[in-house]
Amino acid sequence: MIKLFSLLLTITILTSSSLFAKGWIVPPTSLPQKASAYIKSTYPDAQIWKVERKFKKKRGEVFDVDLSNGASLKFLANGECIDINGRYNTVPFSALPQAVANTVQNTYPQAIIVKVKKEFYGYNLNAVNGYGNYKIKLNNMMELFITADVQLIGQKYKH
């Protein structure tokens with residue numbers, strides 16, 4: 001009887017604690033194909049260490065991915081990358097569309113990218129289908145704001 005009670009108590013605790021979890025740890029194979037291909041092309045030497053699947057009100061399903069080189073990426077359910085934090089590494093220019101990478105290199109040729117965030121306006125991001133502004137943080141503490149049509153609309157020093 002005590003064993004049965006202990007078993008039921010353990011199951012109850014595990015079940016209720018999973019209800020309050022921020023996300024679910026899932027295998028790398030659960031990533032959208034587009035996201036897996038993006039990781040392999042952008043970080044060919046890195047391995048996927050952790051994939052966390054979350055549901056956000058405005059974004060829907062989101063995948064947070066941690067790589068063996070310390071980089072952290074965030075993907076929408078359609079596989080589009082919306083956030084890269086290089087943490088201890090640089091974010092390669094190949095992570096950006098070529099025109100956006102060229103704008104960054106022309107503006108600050110000596111700087112390296114440490115963080116990229118794709119910002120959308122509106123509620124249905126999947127309907128946006130790849131359009132959004134880029135907020136790019138550089139190692140010289142500058143943040144660049146580049147539109148989807150590759151116009152540098154602002155920059156600021158952020159320490």
The residue that is nearest to THR103 (Cα to Cα), considering only those in segment 137-159 that are among the β-branched types (Val, Ile, Thr) and either free of Cβ contacts under 8 Å to residues at least 12 places away in the same chain or in a strand (DSSP E or B) (or both), is ILE146
Within segment 19-78, of all residues that are β-branched (Val, Ile, Thr) and surrounded by 13 or more Cβ atoms within 10 Å (Cβ to Cβ), the one farthest from PRO92 (Cα to Cα) is VAL26
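Within segment 136-159, how many residues are of a type in the set (Lys, Arg) and modelled with pLDDT under 95?
Here is the first cut: in segment 136-159, the residues of a type in the set (Lys, Arg) are 137, 156, 158.
Now restrict to residues that are modelled with pLDDT under 95: 156, 158.
The number of residues fulfilling the criteria is 2.
For the structure I just gave you, tell me whether VAL104 is surrounded by 20 or more Cβ atoms within 10 Å (Cβ to Cβ), at pLDDT 95 or above and in a helix (DSSP H, G or I).
On the way: surrounded by 20 or more Cβ atoms within 10 Å (Cβ to Cβ): yes; at pLDDT 95 or above: yes; in a helix (DSSP H, G or I): yes.
So VAL104 fits the description; yes.
Output the residues belonging to segment 61-88 that are assigned to a loop (DSSP other than H, G, I, E, B) and either in contact with a Leu (Cβ under 7 Å, 6 or more places away or on another chain) or under 14 Å from PRO44 (Cα atoms) (or both). Steps first, answer last, please.
Here is the first cut: in segment 61-88, the ones assigned to a loop (DSSP other than H, G, I, E, B) are 68-71, 77-80, 86-88.
Across segment 61-88, the qualifying residues are SER68, ASN69, GLY70, ALA71.
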Within segment 32-56, the residues that are farther than 11 Å from CYS81 by Cβ and hydrophobic (A, V, I, L, M, F, W, C) are ALA46, ILE48, TRP49, VAL51, PHE55
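The values are calculated or read from the model by the stated rules, or taken from the named source; none is laboratory data. The structure displayed is predicted, hence computed values, not measured ones. Reconstructed Cβ throughout: ideal geometry from the backbone, glycine too, with neighbour counts over all protein chains shown.
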